[in-house]
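Read the structure below first, then the notes.
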Amino acid sequence: MPDPRLKTYAPQAVRHLAAAGHVLSERQETAVGRRGNVPAWPGSDDVDFHGTLAAIWIWARHQRLSGATRYQGPRNLAWGFVEANAKRFIPDAIDSAAGDETAYDCALALVAGGAEQALGGLDGKKQPIVDRAARVLANHLGALENLSGREFSDPGFLAYALAEYARAVDDRGLLAGARKFVDRAFGMKVPTSFEGEPGAAGGLFDFSSTTATRILAVVAAEGSTPFVGAWLRERVAASVPKGFLPRRLDENTWTACAAWALGRAYVVSTDPVFMQAYSDTMDELERRDDDRDGAIPRDKTVKAAESAATFYYALAVDALVTPESAAAAQVEVGVRGR
C-alpha cells in the first residue's frame, strides 16, 4: 500500500531545491566568455559543462514542483553557456578523440533536457543539442563492451539518463535502445551490495555508486511496474546499507547517489527496508549540511560546497517525490496564489 507520507512530500523537496538553487545561482559567472557557467566550486578556473547542466536540472525541477520562476534568469544564462559550448563538449560521436567526460556530458544534457521538457518543452537551440546528445549516447551504449566504467563512464548512470529522457519525450526508439542495453549489461540479477561495492582503485573521483545507478537504470528502463517492485523486494532489498557508508573519496557525493536509488526503490517497491536505509543515510547527509543551504562538499577533506555533490544531494531529496505529490504541490501553489 502506498505510503501516505509521500503524498505531501513535494513541499520539502521544493524548500531544498530552492536553497541549493540559490547557492548555485550566486556562484554563476557573468563575465564575457564564461557567462552562464556554474563553476564546480567557488574560485574554480575551469568551465564546468556538466556542472552547469546539473544546476539547470535543480532550477528547472524547482520550478516544476513550485510553479515559481525564481531561477528562470540563471537557467537562461546557463542554457546560453551550454549552447555556446555544445560543439566542444558534445561531439558527433564518442570515439578515441573524445574526452573522458564526454559520455557524462551527454547524459547530463539529457537530464537537463528532460527537466526542461517537463516545463513545456525545449525551444530554440536547445532541442538540437539534446537530440545530438541522445543520439551519441545511444550509439555509445549500443557498442559498449567494457561495462566496468565508474564515475564519468558509469554505464548505469548513462543508461538511466537515456531511459529517463526517452520516457520524458515518449521516444520509443530511444527507450528500446536503453532497455536493450540494460538487459544486456545488468538484467534482473542480484546487484552488488552497497557495502560490497569497491572503491576507486586510483584517480581523483569516486562519486557514482554503481550499485545505485544499476538499480536506477533498471527502474528507468523497465518502468515502475509491479514486476520491478517485486525485483526490488526479492533481489535488491538484502543489499541495502545499514547506515552511512564511509568512502575514501567523494564520500558525500557517493552516498547521496546511493540515497537517490534507495528513495526511488522505496517509492516503487514500498518495502520499508529501503525507507529505513534512505532515512538513515539522509539524516547523516543533512547533519553534514550544517547551514541547511542544500549544498555540500564532496567529503570531509574540503569545506566548499561543490556542484556535483549538491546535484546528487538534490536528486536524493527529490527521490521521494511522486507524480501525485508533485501535482499536489502545484495545486497548493495555485491555491496560495489566488
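The values are calculated or read from the model by the stated rules, or taken from the named source; none is laboratory data. Just so we're clear, the structure is a prediction, and the values are computed from it rather than from any experiment. For neighbour counting, all protein chains shown are included, and Cβ atoms are generated from backbone atoms with ideal geometry for every residue, glycine included. These accessible areas exclude ligands, DNA and RNA; they are computed on the full protein's heavy atoms, side chains included. Shrake-Rupley method; radii C 1.70, N 1.55, O 1.52, S 1.80 Å.
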Requested in this report: Could you work out how far the C-alpha centroid of the stretch 36-55 sits from that of the stretch 238-253, in angstrom?
Outcome: 26 Å
Requested in this report: Sort the following peptides by mean Cβ neighbour count (other Cβ atoms within 10 Å, averaged over residues), highest first: 30-36, 267-273.
Outcome: 267-273, 30-36
**Report entry** Dipole in debye (nearest 20) - the stretch 82-138, about Cα centre, beta carbon charges: Lys, Arg +1; Asp, Glu -1
**Finding:** 140 debye
Query - Unit charges on C-beta of K, R, D, E only; dipole of the chain, Debye - result: 700 debye
Query raised in the report: Taking springs between alpha-carbon atoms closer than 10 angstrom, which of 243, 51, 21 fluctuates most in the Gaussian network model of the chain?
Result: 243
Requested in this report: Just report the Cα centroid separation between the stretch 119-194 and the stretch 79-96, whole Å.
Outcome: 17 Å
Report task. On the full set of protein chains, 1.4 Å probe, figure out the accessible area of residue 189 and give it in Å² to the nearest 10. Result -> 130 Å²
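Counting only helical runs of four or more DSSP H residues, what would the 222 nm mean residue ellipticity of the chain come to if each run contributes -39,500 (n - 2.57) and the total is spread over all its residues?
-19500 deg cm²/dmol
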Query raised in the report: If you put +1 on each Lys and Arg Cβ and -1 on each Asp and Glu Cβ, how big is the dipole of the stretch 29-137 around its Cα centre, in Debye rounded to 20?
Result: 500 debye
**Report entry** aspartates and glutamates whose Cα lies under 19 Å from that of residue 180, excluding same-chain neighbours fewer than 8 positions away
**Finding:** 145, 154, 164, 170, 171, 222
Report task. Could you state the accessible area per residue of the chain in Å², with a 1.4 Å probe and every protein chain left in place? Result -> 44 Å²
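If we sort 60-70, 99-109 on the protection proxy, mean other Cβ atoms within 10 Å, highest first, what's the order?
Highest mean packing first, the order is 99-109, 60-70.
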Query raised in the report: Taking the mean number of other Cβ atoms within 10 Å as a proxy for protection, how do you rank 154-165, 4-15, 214-225 from highest to lowest?
Result: 154-165, 214-225, 4-15
Query raised in the report: What is the chain by shape, rounded, prolate or oblate, if you read a ≥ b ≥ c off the alpha carbon gyration tensor as root eigenvalues and call it rounded for a/c under 1.5, prolate for a/b larger than b/c, and oblate otherwise?
Result: rounded
Requested in this report: Pop out the ³J(HN,Hα) list for the stretch 142-159 in order, Karplus 6.51 cos²θ - 1.76 cosθ + 1.60 with θ = phi - 60°, rounded to Hz; leave Gly and Pro as x.
Outcome: x, 9, 6, 9, 7, 9, 9, x, 10, 6, 5, 10, 4, x, x, 5, 4, 5
Requested in this report: Starting at the first residue of the stretch 123-138, write each ³J(HN,Hα) from the Karplus equation 6.51 cos²θ - 1.76 cosθ + 1.60 with θ = phi - 60°, in whole Hz, x for Gly and Pro.
Outcome: 10, x, 7, 5, 4, x, 5, 5, 4, 5, 4, 5, 5, 5, 5, 4
